[in-house]
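Notes for the one structure printed next.
All of the numbers you see were taken from the coordinates with simple rules; none came from a lab. It should be emphasised that the depicted structure is a prediction, and the values quoted were computed from it without experimental measurement. Neighbour counts are summed over all protein chains in view; Cβ atoms, including those assigned to glycine, are modelled from backbone coordinates with ideal geometry.
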Amino acid sequence: MLLKFIPIRLTAALILGILLGKHIDFPVGILLFVLVLGLGFLGFTYNQKKRSSNYTFEVTSLILVFALGVLTISLHKPQYQRQHYAMLQEELPETYAVKITASLRPGNFHNRYLAKLIPVSSTAMRGKLLLQCPDSIQLTIDDELVIWKPWRPISPPQNPGQFNYARYMEDQGVYARIVLKPSDYMKLPSSGKTMNGAIGIVRNNLSKKLQELPLEEHTIDIMQAMLLGQRTNMDSTLYTGYKDAGAVHLLAISGLHIGILVLLLQVLFAPLRHLPGGQIWQFGSIVLFLWGYAALAGFTPSVVRAVTMFSFITYALIIKRSGNAYNIIALSLFFILLVLDPNYLFQAGFQMSYAAVFAIIWLYPKLTSLWRPEQKVTRYFWQLLSVSICAQIGVLPISLYYFHQFPGLFFISNILIVPMLGVVLGMGFLLLVLSLFEMVPDFLTHVYDQLIIWMNAIVQWIAQQESLIFRDIPFDGVQLFLAYTILLLFIAWYEVRKSKFIWMLGGALLIFQGWVFGQKLGQKNSNALILYHQIAQTLLVEEYADQALAFMRNEEDLFSASLLQNSVIYNRIENIGIQPLKHSYYWKGSHILLVDKSAVFPKSFDPVNYLVLTDNPKINLDRVLANNPSSQIIADGSNYTYLIDAWRASCLQANRPFHYTGEKGAFYFE
């Protein structure tokens, strides 16, 4: 079994420690004491191990690594970082300074940046912030700003099933954001470029060189994504097509790209092997090039983990210490989590990358042994298909958990496109280098353009096969855990062929089926009426069993459609209907009245239990509260901020509850 390998056992202990430390706070002092005590005991058990064979040394090592995992993730929490802004108990500073460290993918009407706090005057705080600003504000890496607007915590999900952006940013060490306007800051004179900023300038210059080439716009988008790791300005339709075709991994610099690059570099630096100590020179040159390329791509998590993994693999291949593939991958994983950032463990890309690699290493030899074609071409495509199937099996539970869809034609996109990837990357790098010297021949750009156009056409054709793209698949955390439990138990049975694993596998399958059945049964007995948070729109949804009925003003509103899609997945809804919004509803004996900008109250109506203010009604809320002593006031996101503030003040003065969906999230009517 895999656990017989020491690096895998140590890596598993580290991961378990990180998982525990992520969800439970342990005093760092106690953890350090345990580590020091454990190291002393480890030395004692090592001497004992020399005299006789026992498991004490191994168990102590695993406990020590487990504690190290807890400590590593704990040190990344703000409460254990000196002067972190998230732990400020006193009043926030009126002004503070930040340095831009990264540019993120922009939204529809705004730009987003990561920034770190820098010391200014007597204020010494640390930590990373999310900056959100209108399109008119253009910032670059290493820009320094003095800001006099307070930061705010990143809002948690406000609607059922909505993506938890606050948790996503927390895993990157970001706990607050600033919505910046031109009047909220002042740019400081440059204090010099950091390495990150200098590399950003180089990357931007290379991007400009690519844009000057006589290539189609989509070709340039693909080149910037595959070569420079820049997808911020990629056409959304193009990106969606790759996602639906199951080929979105081709747009991120990942293990597949770095693996092809390593093969190209091995050929390029092969002459170094003829020098004294040539293996070391070749290995050093390749690794130096890989990490330089990682810097050029912005040290994104996908690039860092891929380059780290292939640094270990390159060492094993060149120094002729191939050993065990599981050990090599486990050591790279151990290094990334311990030395670089343990929070990588909670990123979907990281999880999918290692799940795919482990699945390929274990399953690929077994799958290809089932059929050994004699024809070389047939054998090549069978091997390619086998790799694609293995990777898909490894990542399927994670993919369903995060994205809730499965591209049925994933194997076609991989068979047709992956063979082209080496040529696409090789020619792309050649064009990139030649563009720096303005020596790009026209025939080369024409050939490359046609190659990318053909690749995009294949992807778009696959993406258009809607009947083979399975969307909105409910898959929760429990199903994710049980799916990998089933997979690991199957591997254990296959390796040792003991009946106890068959019984355990059958039990896990029954638990999985029982969980899914229990979720559906619970949904059959559910009934809810929910007012969603929505900007410039009102969305009221009634859910009954596995059906739903949505009431809205604009039935073609795209954001409302995305919210409903989240609800379909989160609440396992089978069918959803849409009707125009009305002013009055009755729900479980309660009267719900919606008042919009017409501000028209019926002349006679039943007592109002819930008064929903929507679409900026200009009403005298003080009078309404006096005439309706039992009404609860609710306001959704379609109202202006100044009206929300006025209504909140009126409710506070009247000692009445006030629910604003922009602060407290969607409202569930009882």
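Note on region 85-197: along the principal axes its Cα atoms extend 45, 34, 29 Å, ordered by decreasing extent. Once backbone amide H atoms are built at 1.01 Å from N, residue 299 has no partners under 5 Å, excluding neighbours fewer than 5 places away on the same chain. Fraction of C-alpha pairs exceeding 27 angstrom in region 324-444: 39 percent, rounded to a whole number. Radius of gyration (Cα atoms) of region 183-232, expressed as a multiple of 2.2 N^0.38 Å: 1.50.
Residues in region 246-274, backbone N under 19 Å from the label point at residue 285 (7 Å along the Cα-to-beta-carbon vector): list them, ranges by number please. Label zone hits: 259-274.
I need the shape label for region 456-552. Rule: rounded when a/c is under 1.5, else prolate if a/b > b/c, else oblate, with a, b, c from the alpha carbon gyration tensor. Cα axes put region 456-552 in the oblate bin.
Which aspartates and glutamates does residue 582 reach when only Cα atoms under 20 Å apart count, and residues fewer than 8 places away in its own chain are ignored? In chain and number order, the partners are 542, 543, 555, 556, 557, 596, 606, 615, 636, 670.
Straight-line cross-link reach from residue 77 at under 27 Å between alpha-carbon atoms covers these lysines, not counting any fewer than eight positions away in the same chain: 22, 99, 116, 128, 149, 664. For residue 274 and residue 554, the difference between the fully extended length at 0.36 nm per residue and the C-alpha to C-alpha distance is 93.6 nm. The alpha carbons of region 428-491 give a radius of gyration and a Dmax of 21.9, 57 Å, in that order. Helices that extend 24 Å or more along their long axis by alpha-carbon positions and average at least 0.0 on the Kyte-Doolittle scale are, among the DSSP H runs of the chain, 6-23, 28-51, 56-74, 278-296, 301-318, 348-368, 376-403, 410-436, 442-463, 477-496, 499-524. Here the average projected area of the convex hull drawn through the C-alpha atoms of the chain stands at 38.3 nm². Beta bridges from DSSP with both residues in the chain: antiparallel share about 65 percent, rounded to the nearest 5.
For 94, 170, the sequence from fewest to most other C-beta atoms within 10 Å is 94, 170. Taking a ≥ b ≥ c as the square roots of the eigenvalues of the Cα gyration tensor of region 513-670, is the shape rounded (a/c under 1.5), prolate (a/b larger than b/c) or oblate? Judged from the Cα gyration tensor, region 513-670 comes out prolate (a/c at least 1.5, a/b above b/c). Neighbour counting of Cβ atoms within 10 Å sorts the residues 592, 24, 15, fewest neighbours leading, into 24, 15, 592. By the count of other C-beta atoms within 10 Å, a proxy for reagent exposure, 151, 454 are ordered fewest to most as 454, 151. Classify region 210-470 as rounded, prolate or oblate, taking a ≥ b ≥ c as the square roots of the eigenvalues of its Cα gyration tensor: rounded when a/c is under 1.5, otherwise prolate if a/b is larger than b/c and oblate if not. Rounded shape, in that the Cα axes give a/c under 1.5. Taking the charge dipole of region 527-669 about its Cα centre, with +1 at Lys and Arg Cβ atoms and -1 at Asp and Glu Cβ atoms, the residue from 552, 530, 613 reaching farthest to the positive side is 613.
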